[in-house]
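Below: one structure, written as structure tokens.
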Amino acid sequence: MNKRNTQQRRHLIVSQLQQQGELSVEQLAEQFNTSEVTIRKDLTVLEQAGLLLRRYGGAVPVPQDFVSDSSLEKVSNRKLAIAKAAASLIKDHYRIIIDSGRTTAALLPELACKRGLVVMTNSLAIANTLRELENEPTLLMTGGTWDPQSEAFQGQLAEQMLRNYDFDQLFIGADGIDLGRGTTTYNELYSLSRVMAEVAREVIVMLESDKLGRKIHNLELPWSMVKVLITDEGLAAADAAQIEQQGVKVIRVQA
């Protein structure tokens, strides 16, 4: 099915869900004369976009009290704008790494129109979502030791797996920005991030501007390892200029 028909089907799913309140995968597959696998992929993409909530065997609408929360909506819009800008840097058949995190996860629906991607991740959540994309990329997992704090695999085994490959791009988030040093993190386990950056030709950091000024002592990636920083217009022009003096391209998107 072509891209236009896929978009039309997904639009109809959302409209019908708002009218009926709950839909099953089986019902939708029969209605659209397609497979249940395709419908599950549709629901995953729509959930990533914040348009519905997955339930066992189907989906339900997003609760109105969640939708009407302006602060959550603002965060969602920023993440979405950052993700769209990041996706514009990805070409068909690229080999990319997507690190764990909510901001990097927002990138996944934007990959639906990319072809021939090879994607490595250390996140089970990201891996499961990638499997649901209609153009399912070639998926690689780092393996390693599960870290409940980052909800991702870490450790030497993960690092060794990464060193077996080379990649075009790394997409990674951060807990904070230090204007003079680079990106920072609360997590003590950040050596895997360094290895990810070492094996990628371009490192793209995705984060919201409110991460600036957080007092975090763990330096995750120095600016010398970062090629592009994608953030929102909340980052002041003077601060963006200071980061660009470190050789980093700063993209400020409008949410």
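The values are calculated or read from the model by the stated rules, or taken from the named source; none is laboratory data. Note that the structure is predicted; figures quoted are calculated from it, not measured. Every residue, glycine as well, gets a Cβ built from its backbone with ideal geometry; the counts of neighbours run over all protein chains shown. Surface accessibility is based on the protein's heavy atoms, side chains included, excluding ligands, DNA and RNA. Shrake-Rupley method; radii C 1.70, N 1.55, O 1.52, S 1.80 Å.
Among the numbered criteria (1) surrounded by fewer than 18 Cβ atoms within 10 Å (Cβ to Cβ); (2) aromatic (F, W, Y); (3) modelled with pLDDT of 90 or more, which single criterion is violated by Y94? Unmet condition: (1). Within segment 226-247, if we keep just the residues that are within 29 Å of A158 (Cα to Cα) and out of contact with any Ser or Thr (no Cβ under 9 Å at 6 or more places or on another chain), the residue that is most open to solvent (accessible area, probe 1.4 Å) turns out to be K227. Taken residue by residue, segment 181-191 has no member that is open to solvent by less than 30 Å² (accessible area, probe 1.4 Å), closer than 26 Å to P148 by Cα, at pLDDT below 95 and among the aliphatic types (A, V, I, L, M).
Taking the residues in segment 212-221 that are open to solvent by 30 Å² or more (accessible area, probe 1.4 Å) and not in a loop (DSSP other than H, G, I, E, B) as candidates, determine which candidate is modelled with the highest pLDDT. Walk me through how you get there before you give the answer.
Narrowing segment 212-221 to residues open to solvent by 30 Å² or more (accessible area, probe 1.4 Å): 212-215, 217, 219.
Cutting the leftovers down to not in a loop (DSSP other than H, G, I, E, B) gives us 212, 219.
On the way: L212: 87, L219: 92.
Step by step, filter segment 212-221, then rank; the result is L219.
Got a sec? Which of A236, A240, A200, A255 is among the small types (G, A, S) and touching a Leu at 6+ places or on another chain (Cβ under 7 Å)? Within the list A236, A240, A200, A255, the selection yields A200. Name every residue in segment 225-255 that is within 23 Å of the chain's Cα centre (by Cα) and charged (D, E, K, R), in order of residue number. Answer for segment 225-255, where residues must be within 23 Å of the chain's Cα centre (by Cα) and charged (D, E, K, R): K227, D232, E233, K249, R252.
In segment 165-176, how many residues are without any contact (Cβ under 8 Å) to a residue 60 or more places away in the chain and open to solvent by less than 20 Å² (accessible area, probe 1.4 Å)?
2
On the basis of being of a type in the set (D, E) and not in a loop (DSSP other than H, G, I, E, B), does E188 make the cut? Walk me through how you get there before you give the answer.
Details: of a type in the set (D, E): yes; not in a loop (DSSP other than H, G, I, E, B): no.
No.
The single residue among T38, T44 that is modelled with pLDDT of 85 or more and either among the β-branched types (V, I, T) or in a loop (DSSP other than H, G, I, E, B) (or both) turns out to be T38.
Within segment 122-162, if we keep just the residues that are charged (D, E, K, R) and under 25 Å from D175 (Cα atoms), the residue that is modelled with the lowest pLDDT turns out to be E151.
Take segment 1-26 and flag every residue that is open to solvent by 70 Å² or more (accessible area, probe 1.4 Å), touching a residue at least 24 places away in the same chain (Cβ under 8 Å) and more than 17 Å from L108 (Cβ to Cβ). Spell out the reasoning first.
Going through segment 1-26, the residues open to solvent by 70 Å² or more (accessible area, probe 1.4 Å) turn out to be 1-4, 7-8, 11-12, 18-20, 22, 26.
Applying the additional criterion that residues be touching a residue at least 24 places away in the same chain (Cβ under 8 Å) yields 1, 3, 18, 22, 26.
Those that are open to solvent by 70 Å² or more (accessible area, probe 1.4 Å), touching a residue at least 24 places away in the same chain (Cβ under 8 Å) and more than 17 Å from L108 (Cβ to Cβ): M1, Q18, E22, E26.
When the criteria are applied in full, R201 fails the requirement of being assigned to a helix (DSSP H, G or I), touching a strand residue (DSSP E or B) at 6+ places or on another chain (Cβ under 9 Å), under 23 Å from I98 (Cα atoms) and open to solvent by 20 Å² or more (accessible area, probe 1.4 Å).
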